[in-house]
């Protein structure tokens, strides 16, 4: 016999600090959660009774609604169990409620809140923007999972490619997001698999090859020797060079470096992306550049660069927003410098990492590059560095046509 209980799903929390109220359906040690569409603050919920406390402004109305849903669920479960020889939590869940009551965008809200709980603010920002684009394409605020099929995703793909003019790699990012939200609904709730639009013969997610182009030695020397720049432009160039000197340290990590992170000729810092501790020797060129900035600071806990000065570094969300704004400004100034120097490649903070890869080429053992890039897997390093290792291919081409 299946048991059904009203509970507060405490592993998901919205921005307003409320949690979703769900029906928990259990049978044969298997569990399904049925979304009620209601949210409540933790302080207003009575775990023992499975109902809202009197402190909730509409407790009576909400409790009547929840008890009605519970009663309907019990009736549906009883009907399915008495009329079928075999029943499962999935079959009972489908009988209790339709998928339309827990649509794609309700699932996406839970997905976004889960990202926030992990303090992945950059990821939350990007995924939220993609969901807004998807919602604008649909022209509605609700999308049932039965309507989320291959045909719809193909139309959305065409919209992205030919109307929004995005790259094929960006289309893959959208498909991955939609698949992740769909999988959340499949795994955590009762959404069935029969209409699942991903997989063989449907929407298959394949990463297109991306072009990674870095600066050459000659172009970097131009940056190192540039003069007659505004102070803001020179600071942008110095920031870029500092990233390059430390094997392409990411801009978010670079802007948060403190004077105290440099000890005994080494840089020690924790990567924002994967929280790894990194230790690198300070190259001679970096020492000369650092001296210009660290000599101005009065306290060892002062930031090396001034960009995040006055920002509460413990407020990760604000830091994330500021880093995006600062990066845009840096990239705009770097573009001006590139035009001045006649560098035709797109000069941005991110290309510092590609430039290190381009110059290292196949000169450095791949295991050493893995350590410099701080990659968890050597496969990642091999795939990344393959964008810059051309010597053997170029030599082979020359041998064939040199006659």
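Taking the Kirkwood radius as the inverse of the mean 1/r across Cα pairs, report the Rg/Rh of the stretch 104-188. Don't skip to the answer; put the middle values down first.
Values: Rg = 12.6 Å, Rh = 13.3 Å.
Ratio value, two decimals: 0.95.
Which peptide among 294-301, 338-345 comes first, and what is the full order, when sorted by highest mean count of other Cβ atoms within 10 Å? Write down the numbers at each step before the final one.
Working: 294-301: 11.0, 338-345: 13.8.
Order by mean packing, descending: 338-345, 294-301.
For the listed peptides 243-250, 147-154, a ranking on the average number of other beta carbons within 10 Å per residue, highest first, reads 243-250, 147-154.
Which shape class, rounded, prolate or oblate, goes with the stretch 208-293 when its Cα gyration tensor gives a ≥ b ≥ c as root eigenvalues, a/c under 1.5 marks rounded, and past that a/b bigger than b/c marks prolate? Mind showing how you got there, number by number?
Working: a/c = 1.80, a/b = 1.14, b/c = 1.58.
Taking the square roots of the gyration eigenvalues as a ≥ b ≥ c, the stretch 208-293 is oblate.
Projected label points at residue 306 and residue 65, each 7 Å from Cα along the beta carbon direction, are separated by 5.4 nanometres.
Shape annotation for the stretch 128-245: C-alpha extents along the principal axes are 63, 31, 29 Å, from largest to smallest.
The largest-to-smallest principal axis extents of the Cα set in the stretch 217-360 are 40, 31, 31 Å. Cα centroids of the stretch 178-249 and the stretch 331-346: 20 Å apart. The label-point distance for residue 263 and residue 198, in a model that sets each label 7 Å from Cα toward Cβ, rounds to 4.3 nm. When peptides 60-70, 176-186, 221-231 are sorted by average Cβ neighbour count within 10 Å, with the highest value leading, the order is 176-186, 60-70, 221-231. With a Förster radius of 56 Å applied to the beta-carbon distance between residue 53 and residue 295, the computed FRET efficiency rounds to 0.40.
Taken together, the values in this text are just the output of simple stated rules run on the coordinates, not laboratory data. On a predicted model such as this, the values are computed, not experimentally measured, just so you know. Every residue, glycine as well, gets a Cβ built from its backbone with ideal geometry; the counts of neighbours run over all protein chains shown.
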